[in-house]
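Here's the structure, in structure tokens; my notes come after.
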Amino acid sequence: MFDFPAFFSNHPLLLAPMAGVSDEAFRALCLEQGADLAYTEMVSAKGLSYANEKTRHLLSLAPGEERVAVQLFGHEPDTMAAQAAWVERQMGEALAYLDINMGCPARKIVSKGDGSALMKEPALAADIVRAVTRAVEHPVAVKFRRGWAEGDETAPEFARRMEDAGAAMVAVHGRFAEQLYRGSADWGVIARVKEAVRVPVTGNGDVRCGADAAAMVARTGCDAVMIARGAEGNPWVFAQARAALAGKPEPRAPDARERVAMARRHARLLAAREGRNIVRMRKHAMWYMAGLPGAAAARGRINACVDVEDFERVFDELLECVRAHGESGESPVLLPSSPCS
Ligand SMILES: Cc1cc2nc3c(=O)[nH]c(=O)nc-3n(C[C@H](O)[C@H](O)[C@H](O)COP(=O)(O)O)c2cc1C
């Protein structure tokens, strides 16, 4: 079984669960760049209980992916427990641990009482954790936010209740649910959660580069760092974070050719998984290309791509454009959205 305590003793870097993003193609690329573990997209316990094929598909592993953290969402303790046990049976050694989503603020999720709505129902949240931990042998983690209502920080007390209910790790994103993704993440809450519990604490929110990861660990004392949007179009962030945490110089940012090459591999991996229709690659392609010469003009063409050949054509054109603009392939083109660039 996955050595959970040892894993969390060395500041692991985690690719966050991201619905519509953290499928096995993207996970494979982030793991290759140095992520220690990746989460699945959030998986509906209800969907699993109906044996929904699309939901089950979220559990498939990338070639070579040895382990994954599976995130479940739902609000019924019995359903959550039964499906957690099913996941454990299906995945065996490939399951690192289970995570329960108590942080998603999307309307369609919270309106059903799932995700961050559970922060308003801490007794029910604790019942879920108790039921799931009783049903499985693997460790059970919980991911949540700073609190529900803006200004009302409940995360430290919530974390204590989850720990008492059996959670083996808690991950906290330093925004309130009502904030959605506005403003900036408060890392102070990560330190306060760390003081409140004995189990490992994962910090999350606004880590965009290696220096951010090192700063988060230094300021909060968190045991692990979780990265979501900072990895979009930028799996290299994990190599940078690993170097920064080790006190070593960060590897240089990828140049234009490397970014196009990564996008190409991403599209091929997705095609191997999804077949002909890989429209979900469109957003990844935009992220990889942001800031490259010709990227703005390519936007419309990317949005018309459906299969891997469509994407390959756009990537070829972008490379031509990079050449025409005198990009030798050596000069780094940093992501314009990165505050670290
Ligand atoms: C596109 C997208 C999808 C997400 N899906 C999930 C999800 O399925 N489960 C979850 O717990 N959080 C989800 N999140 C939240 C992230 O895991 C993370 O907590 C949040 O983005 C803050 O981290 P960051 O600043 O590194 O992006 C999602 C975020 C984004 C941007």
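The values are calculated or read from the model by the stated rules, or taken from the named source; none is laboratory data. Bear in mind the structure is a predicted one, so any value in this text is a computation, not a measurement. Here the Cβ positions follow ideal geometry from the backbone for every residue, glycine too, while neighbour counts run over all protein chains shown.
Laid out as a table, the results:
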| quantity | calculated |
| --- | --- |
| Residue list for region 44-60, filter: surrounded by fewer than 23 Cβ atoms within 10 Å (Cβ to Cβ) and within 27 Å of VAL172 (Cβ to Cβ) | SER44, LYS46, GLY47, THR55, LEU58, LEU59 |
| Wholly within region 239-320, helices (runs of 4 or more DSSP H) carrying at least 1 residues that are within 21 Å of the chain's Cα centre (by Cα) and closer than 30 Å to ASP36 by Cβ | 256-274, 281-289 |
| Verdict on ALA239 being touching a residue at least 60 places away in the same chain (Cβ under 8 Å), in contact with a Leu (Cβ under 7 Å, 6 or more places away or on another chain) and farther than 15 Å from SER22 by Cα | no |
| GLY166 vs. criteria under 25 Å from LEU124 (Cβ atoms), assigned by TED's automatic domain parsing to the domain that holds PRO12, at pLDDT 95 or above and in contact with a Phe, Trp or Tyr (Cβ under 6 Å, 6 or more places away or on another chain) | no |
| Residue within region 178-199 that is over 25 Å from ALA244 (Cα atoms), more than 16 Å from the ligand (Cβ to nearest atom) and either of a type in the set (D, E, K, R) or assigned to a loop (DSSP other than H, G, I, E, B) (or both) present | yes |
| For ALA125: the one exception among (1) under 17 Å from ASN204 (Cα atoms); (2) free of Cβ contacts under 8 Å to residues at least 60 places away in the same chain; (3) among the small types (Gly, Ala, Ser) | (1) |
| VAL333 being at pLDDT below 95, out of contact with any strand residue (DSSP E or B) (no Cβ under 7 Å at 6 or more places or on another chain) and of a type in the set (Val, Ile, Thr) | no |
